[in-house]
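What follows is one structure encoded as structure tokens, with my remarks underneath.
The values are calculated or read from the model by the stated rules, or taken from the named source; none is laboratory data. As the structure is a computational prediction, the values presented were derived from the model and not from experiment. Note that each Cβ is placed from the backbone with ideal geometry, even for glycine, and that neighbours are counted across all protein chains shown.
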Amino acid sequence: MALFNLISKIFKTQNLEEKYKFKNSYRDNIIEIEIYKDEKKIYLTEFNQKEYEYLLKTDIFQMNEEKNILELPYENIYVLDDETIEFFNLPKYFLGTLRIENDTNFLNRSGVKFKIEFVDTENRYEYKFKNLIIRERDGRRFFLKEKDFYLVQEIFLYNNDGEKNTIPTEQYKIVEKIRKLKEKKEILLGSDIQKIGDIDIVQNLELDFEEKDEKNMEIFPILKDVENFPEKIIEAFKKEFKDKRLQKIYTLKIDGEEHEIVLNNELLKALQVVKENESTISKEKFIKKEGPIFSDERMDIENLDYNYGPRVKGLGYLNYRATPALNNSDTEWFSFEFPYIDTTDGEQIRLKPENLDYLEGLSNTNLDSEEEILVKLETEDGERSLFLKQRDLQNEIFKLKNSFKEVLDFKKSKDLKNILNLLDENNWEGYAEYKGCYVTPPESRESLLKLIDDKEIEENQKVDNEAEKEKVLLLKDNIEELEHTEDSSKVNIEYKYEKPESLREEINLLPYQRDGVAMMQGLYTQSTINGVLLSDDMGLGKTLQILTFLAWLKEKKLDFRSIIVVPTSLITNWYNEDNNKKNQGEIQKFFKEKIFKVEILKGKLNNEILKRIKESNILILSYETLRINQIEFGKIEWDVMVCDEAQKIKNPTTLLTTAIKAQNVKFKIACSATPIENTILDLWCLVDFVKPGLLGSLKDFKKKYSIKDADDDVLEKINDELKNKLNKSFIRRTKDVLNSQGKEFPKKIVIYEHLKYSEEQKEKLNKLNQMKLDGASVLPLIGSMIMTCSHPKLIEKDDEIGPDLVKLETDSLKLFNVKKVLELVKEKNEKAIIFTKYRKMQKILSILVKEWFGFNPNIVNGDDTSDIRRKILDEYRNSSGFNVIILSPEAAGVGLNIVEANHVIHYTRHWNPAKEEQATDRAYRIGQKKDVYVYYPLVSQDERYGRLVFNTADEWIESPKFNFSKGSSPEEKLNRIILKKKKLLRDFFLAAPIDVDSDDFDEFKETEVKDNTILNIEHVDLLDWSYLEIIAILLMEKEYKGNGYLTKRSGDFGVDGLIEVGNNEAIAIQVKKSRNKVGKEALEEVLYGRKIYERELNLKIKKVVVITNSETTDSLSECNLENIDIIDRKKLSLLLQKYNITLDMIEKFGKN
């Protein structure tokens, strides 16, 4: 009825049949429905917007606006209720039965087909197409019922497939489906079909290996992935396989019953290889994965699992999770994925039903706003905070809402049974958490049991036209417990640098680089099963060290094979054949020609590419390309795997991390200057890749080292302990090493400019503060405040910049400062990079650079493909003289080499200091020939702090010169947070907690006016004018010992409030909140109002008081007489000090 109610809303009439008629045309794939009303054809455009949306909402009809018809796919018939079928004059359901029989004997090489007849007591029917049949005697159409249709459809597809109907497994599959449907309804079967015993179609096997004797392993197949296989059948099949020749169908007798085990052709071919080798393989070949069992192409099939790498448990279905997966079974169309917020760092925070109201409370309808909202969520590890833009927040709300499911959304009885069990366990309280969904309990347990029974009737009938969910390698993940370790014993490794002959003659590694290569050579020499976390500071030549190690290894091992996994944008950094030497990859720059056979893979693997890869020394590919090809690559044994920008795999529960760790690799290198981007758990995940077991399980590591609010002593202890544990498996040097080793590296000079607010910024910040005082949550406002400091335009709803470029500049004095810096850069004929993450700010800067200097600077912010981005950067690098490029720190913050620029302007700041340093080090790295100037234009509450210049990092981080008073601007607060985290990174690199934490916002809380805060003149400046009126009343009550009240807002005749001081005597108050001087007109207003109040209220006004938070003109100041009191900013400040006024007092006054 629910659907018909919706249809009624569209066609809106009680007597539907009298007004609407439908002309239905039955095509091959759809039913075309023409709509007529009062014999006149109705066009889709005649439906109003709401009716049109209702049609879309049904998700059943498609709208062909060209033909002006509704289109109904045949498959959608089964979601229509009876009333809707009757309303649209569609055929009724066929109520007869099916007669099915085979045309020849089973296992016939010519193939077996099935004949279907549609039978009732007295009629014959002809099959038309899809689910439509026609009664022969009168041509009347009927629909097949859903369970009949899907079986019929599958049989016809099978019959028409000349290859499939010759394969025994496919023949038996159809028989199995027919017989299962017969269990639920009456079907007439041919005698051959009736004779067949219980059938088990085997789609997947696993090869198991057991020790046969001292030298050999015995191989045998294990039945898997069939839920109903008891252990007796598994053991019986294993025995039959050992004792008899290979068969297409194994007939097993178990407890007096026959079971037919049917193998598909691919499995038969693979098992033939096992039989040919007498089910035996030597231990030596097993360890090396050599011989036909591993190399014969007949074994290279998806349905056969065997040992891949040492961490692989097998093939199956892995899903994003917050804890280790307990169930890797197949899915329907659900994603098995609970709703998560995916951070830019790859971290996931699970959303729960109780989060919905909170998230909706933060949202608004302006999806185009650049404003960033701070979201705080409780997780298993405590409270987590992150920033989301409004559009992203809406997407998260949508994901969470979409995760709420009804039991009717699940199509398999197995799922419904599992949900029933979960609800029973929870005593039917709350949601059942199942397959990534929050399932709402139905009305009663009995209704769910009935639904399960109905679903069992429909099982195994539908043809799944969608591709099966992709299998992945299942990992011993070391999350809950330590499942996989590699030798982590500490040994004193002897290492001495051995220079490979393939390095170009002019290339000389610096001493620290030679040490880094030597450490990798020493680790490899100690054990080929090893790994290292290379965390040198950005720009110190990590890539050169790694390639030198690979070149050395290639000279030692002729059949050397390595895989280098990188972000897509960095592939050409490693390998790029270009006539311009500036654009060449590092392999071309540093090594002689044709030293390495390099293959680059983009996208899905095929046999031709796989052959080339096996003949190459180095395969370079992106993280995503490896993920989608993980199974094929898992069968290859790699000598070395390199993960560049390895922070990509810092989350242990993602498909990407699992794919990386599951590869069959001997020596592993994780390359990242920032192994901790959020929490210390990032470090665990990277070490678990290079040296599994070294830091224990994630559960134990978290318990021991993830300590909230740890002080410096605790952090120092953790840092030292982890450094000792990692030992030679961790390499970390900073840029200071260059100067200590005799290479004079350019300086990094940090320059701050404290700039005053523009009038527009003041106004908008006042409004934001007012929103806080009016009860708005402070956390979403912080992002808006910081954006306002960059430019007030960023918090406006529309994307329009506007034509007034003068106003665009004057609205943010930071822009004047940028112009001044760029003019200096132009004078020096040098290049500059401007970093800002806000797209609107990028656009504003681009417009103004064009206005100032006459050219359009390029912008790199993630909107372009990697090829276009490379061309943009190459163009910038190769340009001569002055140039400017605008970059997003997220899109261009890693891996890029832009040493052609030596001026870096951080127009907006990144909360994560590691990411900000990554951005700066695009220019400040090896290859830079000039001093690098890093500019931080900062809106300040007190611009007198002016220009600050720091020549060393320590001088900068430790500087006491920054303004951190209570009057600090939002940008000054953020600067303090960033510097605090920079200090932690410097002092406790392996233990520094640098993710956004709730404690970070204490700096901003200083600017909050709490209920019990004693107000001062600065608070008054931030408050709305209406608050100043109440403050004035409260102060005058205390000053004149009377009772005060506000007059009505409109028509007050210049009197904002009255203080009753005696019998029919009062003091009249005029309040002026202003940034400018208040003149004599304010007094004139209240003097005029005094006369009216005296006349109308029969009051005697003893005194008139003008109160302002500003200064006054001389003409007003001179009016201080016995019955006139002028209270300007200075006097108001003294009164606030004399009488303690709080926000709580103001709010109580307002309520009264």
Problem - Conditions (1) in a strand (DSSP E or B); (2) surrounded by fewer than 19 Cβ atoms within 10 Å (Cβ to Cβ); (3) of a type outside the set (Phe, Trp, Tyr): number failed by Asp424 - result: (1)
Handout entry: Scope region 727-758; condition more than 19 Å from Val517 (Cα to Cα) and touching a strand residue (DSSP E or B) at 6+ places or on another chain (Cβ under 8 Å); matching residues
Key = Pro746, Lys747, Lys748, Ile749, Val750, Ile751, Tyr752, Glu753, His754, Leu755, Lys756, Tyr757
Exercise for the section: Take Tyr752 and decide whether it is closer than 30 Å to Val806 by Cα and not in a loop (DSSP other than H, G, I, E, B). Expected result: yes
Problem - Search result, residues across region 1-38 that are at pLDDT 80 or above and not in a strand (DSSP E or B) - result: Arg27, Asp28, Asn29
Problem - Cβ pairs under 7 Å, 6+ apart, first in region 708-719 and touching a residue at least 24 places away in the same chain (Cβ under 8 Å) and assigned to a helix (DSSP H, G or I), second hydrophobic (A, V, I, L, M, F, W, C) and surrounded by 10 or more Cβ atoms within 10 Å (Cβ to Cβ) - result: Leu715/Phe988; Leu715/Ala991; Glu716/Phe988; Ile718/Ala991; Asn719/Phe988; Asn719/Phe989; Asn719/Leu990; Asn719/Ala991
Practice task
Would you mind stating whether Asp864 is of a type in the set (Asp, Glu), surrounded by 14 or more Cβ atoms within 10 Å (Cβ to Cβ) and in a loop (DSSP other than H, G, I, E, B)?
Solution key: yes
Practice task
Being touching a helix residue (DSSP H, G or I) at 6+ places or on another chain (Cβ under 9 Å), among the charged types (D, E, K, R) and modelled with pLDDT of 85 or more is the filter here, so list the residues in region 1010-1055 that pass it.
Solution key: Lys1038, Glu1039
Completion exercise
Only one of Val566, Val517 is outside the structural domain of Asp874 (by TED's automatic domain parsing), modelled with pLDDT of 90 or more and within 30 Å of Asp864 (Cβ to Cβ), namely Val566
Problem - Val687 vs. criteria assigned by TED's automatic domain parsing to the domain that holds Ile529 and either in a loop (DSSP other than H, G, I, E, B) or touching a Leu at 6+ places or on another chain (Cβ under 7 Å) (or both) - result: yes
Practice task
Would you please name the residue that is modelled with the lowest pLDDT, looking only at residues in region 975-1008 that are under 25 Å from Gln770 (Cβ atoms) and in contact with a strand residue (DSSP E or B) (Cβ under 9 Å, 6 or more places away or on another chain)?
Solution key: Ser998
Fill in the blank from the handout: Out of (1) in contact with a helix residue (DSSP H, G or I) (Cβ under 9 Å, 6 or more places away or on another chain); (2) surrounded by 20 or more Cβ atoms within 10 Å (Cβ to Cβ); (3) under 30 Å from Lys743 (Cα atoms), the one Arg925 does not meet is (1)
Handout entry: From Ile1126, Ile1146, residue being touching a residue at least 24 places away in the same chain (Cβ under 8 Å), in a strand (DSSP E or B) and in contact with a helix residue (DSSP H, G or I) (Cβ under 8 Å, 6 or more places away or on another chain)
Key = Ile1126
Practice task
Would you be able to tell me the number of residues in region 645-692 that are within 21 Å of Leu896 (Cβ to Cβ) and either of a type in the set (A, V, I, L, M, F, W, C) or under 17 Å from the mean Cα position of the chain (by Cα) (or both)?
Solution key: 10
Practice task
Give the number of residues within region 370-416 that are under 15 Å from Leu356 (Cα atoms), touching a residue at least 60 places away in the same chain (Cβ under 8 Å) and in a helix (DSSP H, G or I).
Solution key: 3
Exercise for the section: Answer yes or no: is there a residue in region 101-111 that is outside any loop (DSSP other than H, G, I, E, B) and buried (at least 18 other Cβ atoms within 10 Å of the Cβ). Expected result: yes
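Determine, yes or no, whether Lys826 is over 34 Å from the mean Cα position of the chain (by Cα) and without any contact (Cβ under 8 Å) to a residue 24 or more places away in the chain.
Here the answer is no, as Lys826 does not meet what is asked.
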Practice task
From Leu896, Leu822, grab the single residue that is of a type in the set (A, V, I, L, M, F, W, C), modelled with pLDDT of 95 or more and surrounded by 17 or more Cβ atoms within 10 Å (Cβ to Cβ).
Solution key: Leu822
Problem - Hey, Leu694 in a helix (DSSP H, G or I) and either at pLDDT 90 or above or surrounded by fewer than 24 Cβ atoms within 10 Å (Cβ to Cβ) (or both) or not - result: no
Practice task
Answer yes if at least one residue in region 958-967 is surrounded by fewer than 22 Cβ atoms within 10 Å (Cβ to Cβ) and either modelled with pLDDT of 90 or more or in contact with a strand residue (DSSP E or B) (Cβ under 6 Å, 6 or more places away or on another chain) (or both), and no otherwise.
Solution key: yes
Practice task
Could you tell me whether region 706-725 includes any residue that is modelled with pLDDT of 90 or more and not acidic (Asp, Glu)?
Solution key: no
Completion exercise
Going through (1) surrounded by fewer than 17 Cβ atoms within 10 Å (Cβ to Cβ); (2) at pLDDT 80 or above; (3) in a loop (DSSP other than H, G, I, E, B) one by one, Ser447 fails only at (3)
Problem - Scope region 573-595; condition loosely packed, with under 15 Cβ neighbours inside 10 Å and polar (S, T, N, Q); matching residues - result: Asn579, Asn580
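How about region 527-609: which helices (runs of 4 or more DSSP H) wholly inside it have at least 1 residues that are under 29 Å from the mean Cα position of the chain (by Cα) and at negative phi?
In region 527-609, 542-556, 571-574 are the helices (runs of 4 or more DSSP H) which contain 1 or more residues that are under 29 Å from the mean Cα position of the chain (by Cα) and at negative phi.
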Exercise for the section: Within region 704-761, track down each residue that is over 30 Å from Lys820 (Cα atoms), among the aliphatic types (A, V, I, L, M) and crowded, with 18+ Cβ neighbours inside 10 Å. Expected result: Leu715, Ile718, Leu722, Leu726, Ile731, Val737, Leu738
Fill in the blank from the handout: Here the residues within region 409-428 that are modelled with pLDDT of 80 or more, of a type in the set (D, E, K, R) and under 29 Å from the mean Cα position of the chain (by Cα) are Asp415
